[in-house]
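The values are calculated or read from the model by the stated rules, or taken from the named source; none is laboratory data. Just so it is clear, the structure is predicted and the values come from calculations on it, not from any experiment. Positions of Cβ are generated from backbone atoms using ideal geometry, with glycine treated the same way; all protein chains shown enter the neighbour counts.
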Amino acid sequence: MRKPALGLGESGARAVLASQQMAFVDLTKQLAKEAFLSATRDPPAPAAPLAPADNVGAIVFGQIHGLQKALKDDEELVVWFANAGEKLRVMEIFLPSPKVAVLSGHDAERNLTRVISPVDALQLVAKVMKVQPGAKPARVGLVMPKAKDSNG
């Protein structure tokens, strides 16, 4: 009969081997459980679309609309754009795209003037002013591009 080396008997070697097999089985069970739970879990919510804060044109529209909505019957919102010596009273803002604005209005000599500018570069001055008695208050027109028809 052989004597076991290092004080481990035959049953001791089997116990070590059995405990390693048990650890491997437990690990396999745990991995299978986690895989099953992740496969049956509800999918994560889709990422939110671009935040409205990223659309500067919509923010400008919202601010002007809000200011005009709060006006009294004898008030008007006067919006000015000034650049390179030109000063324009803005009567309409058109956004042909989310990044480009076309401002229409009159200069100091009452000439019809248009400014085409990246929305990010716009600096407008808005002022609430009283209108002359009997005069109709002017409103700044806010124009967005028409949605394209899906039929063509």
Matching residues, the range 103-152, being under 22 Å from the mean Cα position of the chain (by Cα), outside any helix (DSSP H, G or I) and modelled with pLDDT of 90 or more | Ser117, Pro118, Leu122, Gln123, Leu142, Val143
Quick one: Met22 ticks every box in (1) modelled with pLDDT of 70 or more; (2) aliphatic (A, V, I, L, M); (3) surrounded by 10 or more Cβ atoms within 10 Å (Cβ to Cβ) except a single one, so which number is it?
-> (1)
Look at Gln63 and say whether it is at pLDDT 70 or above and under 30 Å from Ile93 (Cα atoms).
-> yes
Qualifying residues in the range 69-89 (those that are touching a residue at least 12 places away in the same chain (Cβ under 8 Å) and under 27 Å from the mean Cα position of the chain (by Cα)) - the one surrounded by the fewest Cβ atoms within 10 Å (Cβ to Cβ) | Phe81
